[in-house]
Amino acid sequence: MKRKILIWAMALLTATAGLSGCAADEGAANSDPVESAAVSDAAQDESGEAAESSVEETEEDDTVYTDEQYFQYSHYMEEDETISISGYTGTDTEVVIPKTIDGYTVECIDQYSFTGNTDITKVVIPDTVTRIGEEAFRNCSNLEEIVLPDSTISIRAYAFDGTAWYENQPDGMMYIGKVVYGYKCDNMEEITAVEIADGTLGVAERAFFNFVNLSEISVPDSVLSIGSQAFAGTAWLEAAENNTVVYAGKVAYLYNASYTSNAVAVELEPGTVAIADSCFSGCEELYYIGLPDGLVRIGRAAFQGTGLTAVELPDSVTTIGGAAFFTCHSLSSITIPESVTYIGQSAFQSCESLTIQGHEGSVAESYADAYDIPFTEIN
């Protein structure tokens with residue numbers, strides 16, 4: 001007998017191994033090397049020793065940011081105006097990450113960028129950042145305070161594990177900014193129900209992974225991002241019907257495929273606001289997806305390895321995650337509206353027959369030019 005699922009569910013693969021980065025949204029496994037630009041090494045004094053880390057005031061506001069020369073960064077397209085922090089060489093205990101470095105907007109904290117830094121006790125992340133990469137601050141053992149903006153809605157696995165912040169969290173739901181990071185307890189097998197607070201925008205990757213007896217999950221409609229394997233291994237997911245889209249709030253969380261040889265066409269329900277990371281990943285039988293008006297976000301690796309042939313995105317979509325359509329070998333056409341402001345790394349890598357249709361001067365055209373993908377202008 002199936003136990004009650006407190007989820008807005010609708011009838012209609014888990015995370016992809018190796019998609020661990022977030023430079024321009026967590027590129028695909030075995031993808032081409034990311035084009036990188038590292039800022040200069042720490043300034044040296046006349047004796048050749050590294051100068052003391054300093055801070056400086058910006059002209060735009062009163063925030064005192066950590067000196068940008070101590071940050072390394074990467075960006076995956078020369079035309080891209082955003083960057084990912086990939087490293088920090090300073091020795092400050094309190095790090096206030098700048099909104100811009102060398103004129104580029106800081107949009108992501110990349111995987112492993114601060115891992116194992118035992119100097120840092122506090123980090124302030126700017127409101128330009130939307131993603132935190134895998135293990136970004138893992139084992140920063142003295143990191144007690146993390147100031148995370150509401151703009152950050154995607155957090156990869158283990159990003160803050162091994163920090164003083166994590167150790168100091170009381171038992172129960174752990175929130176950081178507007179994201180559920182996980183659930184802290186001595187015995188996860190004892191947890192049978194959780195309720196995520198209204199106003200939450202994201203559920204971190206693997207947040208409730210292997211909570212085997214978790215059968216009741218209440219997800220508010222405010223949630224826009226759900227990471228890969230967030231609910232994998234739970235009784236809630238085990239109770240879902242085969243060959244249906246499982247919903248968490250208004251997010252299409254996972255296509256619960258039984259892997260038959262039958263061709264699959266899916267029409268997402270009206271009101272769907274986002275497609276979770278890896279939602280349809282590996283479903284080779286999926287040849288058609290109907291996307292409703294109001295859809296805002298397509299998660300990382302959402303359609304990786306599917307059999308899609310043509311896709312039309314509604315005018316409401318703003319974000320296409322990294323590796324979203326990676327290795328969709330049959331994909332010949334995708335229509336991308338002007339509303340799309342972000343296309344992640346390797347979103348269309350290994351789509352050999354693809355033509356992108358979009359508007360002149362759009363992000364879609366810039367992406368097509370950068371990756372030498374045929375582009376057709378639409379009115």
Exercise for the section: Evaluate the charge dipole of the stretch 135-254 about its Cα centre and quote only its size in Debye, nearest 20, assuming +1 on the Cβ of each Lys and Arg and -1 on the Cβ of each Asp and Glu. Expected result: 400 debye
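GluC sites (Glu not before Pro), restricted to the stretch 225-310: which are DSSP loop and have at most 10 other Cβ atoms within 10 Å?
none
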Exercise for the section: Using every Cα-Cα pair within the stretch 138-252, state what percent have a distance larger than 18 Å. Expected result: 49 percent
Fill in the blank from the handout: Cα extents of the stretch 313-379 per principal axis, largest first, Å, are 26, 21, 20
Exercise for the section: Quick one: grab Rg to one decimal and Dmax as a whole number for the stretch 108-154, Cα atoms only, in Å. Expected result: 10.2, 26
Practice task
Collect residues whose amide H, placed 1.01 Å from N in the peptide plane, falls under 5 Å from the amide H of Y88; neighbours closer than 5 in sequence don't count.
Solution key: Q72
Practice task
Calculate, for the stretch 269-327, the solvent-accessible area per residue in square angstrom, rolling a 1.4 angstrom probe over the heavy atoms of the protein chains.
Solution key: 27 Å²
Practice task
Quick one: pull the percentage of alpha-carbon pairs in the stretch 220-379 with a separation above 28 Å.
Solution key: 16 percent
Handout entry: Euclidean distance of C-alpha centroids, the stretch 300-375 and the stretch 100-142, integer Å
Key = 28 Å
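The values are calculated or read from the model by the stated rules, or taken from the named source; none is laboratory data. None of the values given here were measured: they were computed from a predicted structure. Please note: Cβ atoms are built from the backbone with ideal geometry, for glycine as well, and neighbour counts cover all protein chains shown. Accessible surface areas use protein heavy atoms only, side chains included; no ligands, DNA or RNA. Shrake-Rupley method; radii C 1.70, N 1.55, O 1.52, S 1.80 Å.
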